[in-house]
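Here the structure is laid out as structure tokens; the discussion comes afterwards.
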Amino acid sequence: MTGAAQPESMIVIGAGEAGARAAMALRESGFAGRVTILGDEAHRPYERPPLSKAALTDAAEPQAAFILTPDRLDEHGITHLGGRAVTAIDRAAHEVHLADGERLRYDRLLIATGARARKLALPGATPENVLYLRTFEEARALRSRLAPGAHIAIIGGGFIGLELAAAARARDADVTLIELAPRLLARAVPAAIAAIIAARHEAAGVRLRLGTGIERIEAEGERHAILLSTGERIVCDGIIAGIGAVAETGLAERAGLAIDNGIAVDGRLATNDPDIFAAGDCCSFPHPLYGDRRLRLEAWRNAQDHGNAAAKSMLGGSDAYQAVPWFWSDQYDLTLQIAGLADEGRETVTRDLGDGARLDFHLAGDGRLVAASAVGPNGRIARDVRLAEMLIGKRVTPDRASLVDVSVKLKGLLAG
Amino acid sequence: MNTTTAARWIEACEADAIDEEDVMRFDHDGHTYAIYRSPDDEYFATDGLCTHEQIHLADGLVMDHIIECPKHNGRFDYRTGQAKGAPVCVNLKTYPVKLDGGKVFLGLA
């Protein structure tokens, strides 16, 4: 144990999924001292996944999907201070400084500051003509642009860009999606599955411009024009960029904490200060399933699992985090799910789940199952991806024929 | 049968249509239910949609006495409907089940 043997005050910086879960998990683990969540947004902690999905497409004006009701906060004695930005961490005094001058003392601190949208660095791109999506307020602003017949240009063929494209089509807006890489989802998703997603977007009427750079953005009367590297000029009513996220590490950096593609934590999610932990999108951590490869994940499930794990470590636990990475995206009637790290695979074996649904198992050079990626209707793929996730966690080396043969239940492989 | 609840018994499916440690969707009168067969060969029934985001639980995974939602892995004990932790915090409604003549019947109020 380090610092105060009996911690009295736990402070969580960041009111997102990881921070909210950690606060609850502290209580679920029996911690009876003070738990304070500090958020720079005014809202109580809310779920972000719907922001690129239902919040844009539902007929009714969206409400934030709050993770914790005021009653639950009260019941668990968790103090949420919204609209209270933290400006500094004083490690020597064990205090956080707030923008309004107040100082709060902590025994253990969790940094769960998440990530912010990477901004477009292009001639002509301004905060006025390019929109981004990270917060509920930004989702509301975007939603108002997705009008029938409006032409929306989306820059970036990653998950956010693609979910935005699907949402815009659902609202009958015209969509052109521009991606610099030669294919969609190049970072995280195998080519065969990305091709299915690309075909679905084209069938929905999205104009894809892949392998295409942007020269500049200019005004076109009240509208905008995007000049592409191919010479094409796209005139549109709104521009949305989804070109990745940057870990929010500023506070940690200024406090002298180690940074390595995010706030660097160990397997317990502890930083190089034993009383300070980090969780969720803002941190990078070693993963024991992949030879302690350092990962930074921008994923809802990881944020939850990190929140749970960080709470245990803050209370003195010594377990190493080892949850299998898991991710999903919804676009139109398709769900994409990935368990594990597909880029660790050297060989792919495909299971045909019917109705056009497909599950790819990724095997390492030694035959170990390291990832599974699937696309199709959620009901077709979810159960098998969940089982694949469990098989990955057990480090199994499965028989290839059993993976391909849909008459062989994956559940049966778990017992082996 | 408790006469005060005046349950109607609705025939849902053949008992062997559900594998052990598995689940099946059953739609009746505009409502969706999930019927479970436990590893110890008992039958249970709950509402069919997750209390978090209205997803069909029958597409999820049954492990022991837990049904896990196929969308966000919310977990419920299908014997009692109890929510087992984030992201689900609202319990599932359960329904009585009886077997008769190799068929599964749901007791609906």
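Tell me, please, whether a residue that is of a type in the set (A, V, I, L, M, F, W, C), away from every other protein chain (no Cβ under 12 Å) and in contact (Cβ under 8 Å) with a residue 12 or more places away in the chain can be found in region B:50-65. Give the steps one after another, and end with the answer.
So in region B:50-65, the residues of a type in the set (A, V, I, L, M, F, W, C) come out as B:50, B:55, B:57-58, B:61-63.
Cutting the leftovers down to away from every other protein chain (no Cβ under 12 Å) gives us none.
So far as region B:50-65 goes, no, none of its residues is of a type in the set (A, V, I, L, M, F, W, C), away from every other protein chain (no Cβ under 12 Å) and in contact (Cβ under 8 Å) with a residue 12 or more places away in the chain.
Among the residues of region B:66-84, the ones that are within 11 Å of the chain's Cα centre (by Cα) and not hydrophobic (A, V, I, L, M, F, W, C) come to 5 in all.
Taken over region A:9-30, the residue count meeting the criterion of being of a type outside the set (Gly, Ala, Ser) and within 14 Å of chain B (Cβ to nearest Cβ) is 6. Taking region A:173-215 only, how many residues are on the phi > 0 side of the Ramachandran plot and surrounded by fewer than 18 Cβ atoms within 10 Å (Cβ to Cβ)? Within region A:173-215, residues that are on the phi > 0 side of the Ramachandran plot and surrounded by fewer than 18 Cβ atoms within 10 Å (Cβ to Cβ) number 2. Listed conditions (1) surrounded by fewer than 22 Cβ atoms within 10 Å (Cβ to Cβ); (2) over 17 Å from A:Gly158 (Cβ atoms); (3) modelled with pLDDT of 95 or more are all met by A:Tyr332, apart from (2).
Residue by residue, here is whether (1) under 28 Å from A:Ala117 (Cα atoms); (2) crowded, with 18+ Cβ neighbours inside 10 Å; (3) outside the structural domain of A:Pro274 (by TED's automatic domain parsing); (4) out of contact with any strand residue (DSSP E or B) (no Cβ under 8 Å at 6 or more places or on another chain) holds:
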residue	(1), (2), (3), (4)
A:His43	yes, no, no, no
A:Ser52	yes, yes, no, yes
A:Leu56	yes, yes, no, yes
A:Thr69	yes, no, no, yes
A:Asp74	no, no, no, yes
A:Gly77	no, no, no, no
A:Leu81	yes, no, no, no
A:Thr87	yes, no, no, no
A:Ala93	no, no, no, no
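Residues that are more than 11 Å from chain A (Cβ to nearest Cβ) and assigned to a strand (DSSP E or B) were ranked within region B:74-94; the one that is surrounded by the fewest Cβ atoms within 10 Å (Cβ to Cβ) is B:Gln82. In region A:275-313, of all residues being assigned to a strand (DSSP E or B) and either touching a His at 6+ places or on another chain (Cβ under 7 Å) or within 14 Å of another protein chain (Cβ to nearest Cβ) (or both), the one that is farthest from A:Thr36 (Cα to Cα) corresponds to A:Arg293.
Restricting attention to region A:1-59, and to residues there that are closer than 23 Å to A:Ala93 by Cα and of a type in the set (Ser, Thr, Tyr), which single residue is nearest to the chain's Cα centre (by Cα)? Checked region A:1-59; the qualifying residue nearest to the chain's Cα centre (by Cα) is A:Thr36. Of everything listed in (1) at pLDDT 95 or above; (2) under 20 Å from A:Ala245 (Cβ atoms); (3) not in a helix (DSSP H, G or I), the single unmet condition for A:Gly161 is (3). Residue check: B:Ile10 meets all listed conditions (1) within 13 Å of chain A (Cβ to nearest Cβ); (2) touching a Leu at 6+ places or on another chain (Cβ under 6 Å); (3) over 25 Å from A:Ser329 (Cβ atoms) but one, namely (1).
Would you point out the residue of region A:357-386, among those that are acidic (Asp, Glu) and either surrounded by 22 or more Cβ atoms within 10 Å (Cβ to Cβ) or over 20 Å from A:Leu289 (Cα atoms) (or both), that is nearest to the other protein chains (Cβ to nearest Cβ)?
Here the answer is A:Asp384.
Taken together, A:Leu73, A:Leu68, A:Leu81, A:Leu56 contain a single residue that is farther than 27 Å from A:Gly242 by Cβ and touching a helix residue (DSSP H, G or I) at 6+ places or on another chain (Cβ under 8 Å), which is A:Leu68.
This table checks each residue for (1) within 18 Å of A:Gly244 (Cβ to Cβ); (2) out of contact with any helix residue (DSSP H, G or I) (no Cβ under 8 Å at 6 or more places or on another chain); (3) outside any strand (DSSP E or B); (4) at pLDDT 95 or above.
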{"position": "A:Gly149", "(1), (2), (3), (4)": "no, yes, yes, no"}
{"position": "A:Ile152", "(1), (2), (3), (4)": "no, no, no, yes"}
{"position": "A:Leu177", "(1), (2), (3), (4)": "yes, no, no, yes"}
{"position": "A:Leu180", "(1), (2), (3), (4)": "yes, yes, yes, yes"}
{"position": "A:Leu184", "(1), (2), (3), (4)": "yes, no, yes, yes"}
{"position": "A:Thr212", "(1), (2), (3), (4)": "yes, yes, yes, yes"}
{"position": "A:His224", "(1), (2), (3), (4)": "no, yes, no, yes"}
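Can you confirm whether region A:34-52 contains a residue that is free of Cβ contacts under 8 Å to residues at least 12 places away in the same chain, within 14 Å of chain B (Cβ to nearest Cβ) and either among the small types (Gly, Ala, Ser) or not in a loop (DSSP other than H, G, I, E, B) (or both)?
So the first thing to find is which residues in region A:34-52 are free of Cβ contacts under 8 Å to residues at least 12 places away in the same chain, and the list is none.
Within region A:34-52 (the criterion being free of Cβ contacts under 8 Å to residues at least 12 places away in the same chain, within 14 Å of chain B (Cβ to nearest Cβ) and either among the small types (Gly, Ala, Ser) or not in a loop (DSSP other than H, G, I, E, B) (or both)), the answer is no, since none of the residues qualifies.
B:Thr32 satisfies every condition listed in (1) within 14 Å of chain A (Cβ to nearest Cβ); (2) within 30 Å of A:Asp305 (Cα to Cα) except (2).
Residue-wise test of (1) in contact with a Gly (Cβ under 9 Å, 6 or more places away or on another chain); (2) of a type outside the set (Gly, Ala, Ser); (3) free of Cβ contacts under 8 Å to residues at least 60 places away in the same chain.
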{"residue": "A:Gly317", "(1), (2), (3)": "no, no, yes"}
{"residue": "A:Leu334", "(1), (2), (3)": "yes, yes, no"}
{"residue": "A:Asp355", "(1), (2), (3)": "yes, yes, yes"}
{"residue": "A:Leu369", "(1), (2), (3)": "yes, yes, yes"}
{"residue": "A:Ser373", "(1), (2), (3)": "yes, no, no"}
{"residue": "A:Ile381", "(1), (2), (3)": "no, yes, yes"}
{"residue": "A:Asp405", "(1), (2), (3)": "no, yes, yes"}
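Note on region A:99-144: enclosed strands (runs of 3 or more DSSP E) holding 3 or more residues that are within 30 Å of A:Lys312 (Cβ to Cβ) are A:103-105, A:108-111.
The values are calculated or read from the model by the stated rules, or taken from the named source; none is laboratory data. Just so it is clear, the model here is predicted, and its values are computed rather than measured. Cβ sites come from the backbone with ideal geometry, for glycine too, and all protein chains shown count toward neighbours.
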